[in-house]
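*Asks:* I have a structure I would like to understand better, so I am pasting it below and will then ask my questions one at a time.
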Amino acid sequence: NTLAQSRGKLWFGTAADIPGTAETTDTAYLDVLQKNFGEMTPANAMKFMYTEPEQNVFNFTEGDYFLDVAEKYHARVRCHNLVWVSQLSEFVTATNWTAEALTQVMKNHIFRTVQHFGRRCYSWDVVNEALSSDGTFSASVWYDTIGEDYFFLAYKYAQEALAEIGANEVKLYYNDYGIESPGPKADAVLQLVSELRERGIRIDGIGLESHFIVGETPSLADQLSTKKSFIQANLDVAITELDVRFSEAPFYTAAGQQQQATDYYTSVNSCMEAGPRCIGITVWDFDDAFSWVPSTFAGQGGADLFNDTLQAKPAYYASAEAV
Ligand code: XIL
């Protein structure tokens, strides 16, 4: 983080699953976190199922705790996320909503959550992962019930909620994977940005998740050209969830580590080369022991900057070299 900031980035950050898991009391882990990272993204604490477990019953305890830790560490926070297909509460997914009623649910969730956390958030991922690889909207309770309008309304409500509390500086982001290289999905994001602006609705930035596979990481040219196309559209960009996983064991051979280091270097470098409007780089956890990868992709892992005994890997030094 110190290096990244000295090179004009706002941060080199990490996701963290605080509180409620082993991380919260693991002092060795927290020490590495505090020393190396200047931004923290809550891996779970602010998601719908935790913040509004039952309709109009809000619980911000975990999110507040996360922010307390981040502020203690002088780390900024990308708040994550408001409207997504996953990790929803049962009352959302198990009800047969009219479009009007679900729009009210979405509006209430956005207003209450955004206004509670207020300017403690640097930014919000307002809509998360809305698109399929061909650039069309993915099926979700939001899209299936409300149609495309849900996307535009989500940003409108976030903007209005912030304006109401005088916190207009909190940035509004769209966050997704598969938009790190040129293609129909990245094009669709640009199209949605244009449509938001045509409707007079604010969007400030695009989060490029960057969940990559060792040896299959998009080239510097591809990663750079997509970032530039967003920046040309007057958007900030950020790498928001970088990790580079091994698609199969073993995870710790010398050759594998070298390739992984190259892949991290390429990705971090693309943000440096893109200039100041690539505002920062966030890894989706820095520690193999706490990575989301093994539980999501069976048999895969070793994706992070530190191994499962908290030793820095070549990827760590390559990232430091890249910034
Ligand atoms: C993941 C978390 O890391 C896991 O702990 C959770 O079980 C599932 O979600 N894209 C996103 C993140 O935008 O919210 C996801 O986080 C990883 C993929």
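*Asks:* Being closer than 20 Å to LEU10 by Cβ and among the polar types (S, T, N, Q) is the filter; apply it to the stretch 126-176 and report the residue that is surrounded by the fewest Cβ atoms within 10 Å (Cβ to Cβ).
*Replies:* My answer is ASN168.
*Asks:* Going by the conditions given, is THR98 hydroxyl-bearing (Ser, Thr, Tyr), away from the ligand (no atom under 16 Å from the Cβ) and at pLDDT 95 or above?
*Replies:* yes
*Asks:* How about the stretch 232-267: which of its residues are of a type in the set (Ser, Thr, Tyr) and outside any strand (DSSP E or B)?
*Replies:* Passing the criteria: SER247, TYR252, THR253, THR262, TYR264, TYR265, THR266, SER267.
*Asks:* Go through TYR155, TYR174 for me and flag whichever is among the aromatic types (Phe, Trp, Tyr) and either under 16 Å from the mean Cα position of the chain (by Cα) or within 16 Å of the ligand (Cβ to nearest atom) (or both).
*Replies:* Going through TYR155, TYR174 in turn, just one is among the aromatic types (Phe, Trp, Tyr) and either under 16 Å from the mean Cα position of the chain (by Cα) or within 16 Å of the ligand (Cβ to nearest atom) (or both): TYR174.
*Asks:* Right, next: In the stretch 80-95, how many residues are within 13 Å of the ligand (Cβ to nearest atom), free of Cβ contacts under 8 Å to residues at least 60 places away in the same chain and hydrophobic (A, V, I, L, M, F, W, C)?
*Replies:* Number satisfying all stated conditions: 3.
*Asks:* Right, ALA303: surrounded by fewer than 20 Cβ atoms within 10 Å (Cβ to Cβ), within 16 Å of the ligand (Cβ to nearest atom) and within 30 Å of ALA22 (Cβ to Cβ) or not?
*Replies:* Against the criterion (surrounded by fewer than 20 Cβ atoms within 10 Å (Cβ to Cβ), within 16 Å of the ligand (Cβ to nearest atom) and within 30 Å of ALA22 (Cβ to Cβ)), ALA303 does not qualify.
*Asks:* Within the set of pairs 6+ apart or on separate chains, which have a first residue in the stretch 281-295 that is hydroxyl-bearing (Ser, Thr, Tyr), a second that is away from the ligand (no atom under 11 Å from the Cβ), and C-beta atoms under 6 Å apart?
*Replies:* What qualifies is THR282/GLY13; THR282/GLU39; SER291/ALA303; SER291/ASP304.
*Asks:* Considering only the stretch 207-222, how many residues are out of contact with any Leu (no Cβ under 6 Å at 6 or more places or on another chain) and within 16 Å of the ligand (Cβ to nearest atom)?
*Replies:* Here the count works out to 6.
*Asks:* Go over the candidates GLU180, GLU160, GLU164, GLU195 one by one and state the one that is within 20 Å of ASP285 (Cα to Cα) and either modelled with pLDDT under 95 or of a type outside the set (Ser, Thr, Tyr) (or both).
*Replies:* GLU180
*Asks:* Still on this model: Hey, could you check the stretch 25-60 for residues that are over 19 Å from VAL283 (Cβ atoms) and free of Cβ contacts under 8 Å to residues at least 40 places away in the same chain and say which is nearest to the ligand (Cβ to nearest atom)?
*Replies:* Filtering the stretch 25-60 for residues that are over 19 Å from VAL283 (Cβ atoms) and free of Cβ contacts under 8 Å to residues at least 40 places away in the same chain, the one nearest to the ligand (Cβ to nearest atom) comes out as TYR50.
*Asks:* Continuing with the same structure: Condition first: outside any helix (DSSP H, G or I) and either modelled with pLDDT under 95 or crowded, with 20+ Cβ neighbours inside 10 Å (or both). Now tell me which residues in the stretch 269-291 satisfy that.
*Replies:* ALA274, CYS278, ILE279, GLY280, ILE281, THR282, VAL283, TRP284, ASP285, PHE286, ASP287, SER291
*Asks:* Could you count how many residues in the stretch 61-76 are under 18 Å from THR240 (Cα atoms) and within 16 Å of the ligand (Cβ to nearest atom)?
*Replies:* Number of matching residues: 1.
Residue-wise test of (1) closer than 21 Å to LEU10 by Cα; (2) in contact with a Gly (Cβ under 8 Å, 6 or more places away or on another chain); (3) within 16 Å of the ligand (Cβ to nearest atom).
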site	(1), (2), (3)
LEU224	yes, no, no
LEU235	yes, yes, no
ALA238	yes, yes, yes
PRO294	no, yes, yes
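The values are calculated or read from the model by the stated rules, or taken from the named source; none is laboratory data. Quantities reported herein were computed from a predicted structural model and do not represent experimental measurements. No Cβ is skipped: glycine too gets one built from the backbone with ideal geometry, and neighbour counts run over all protein chains shown.
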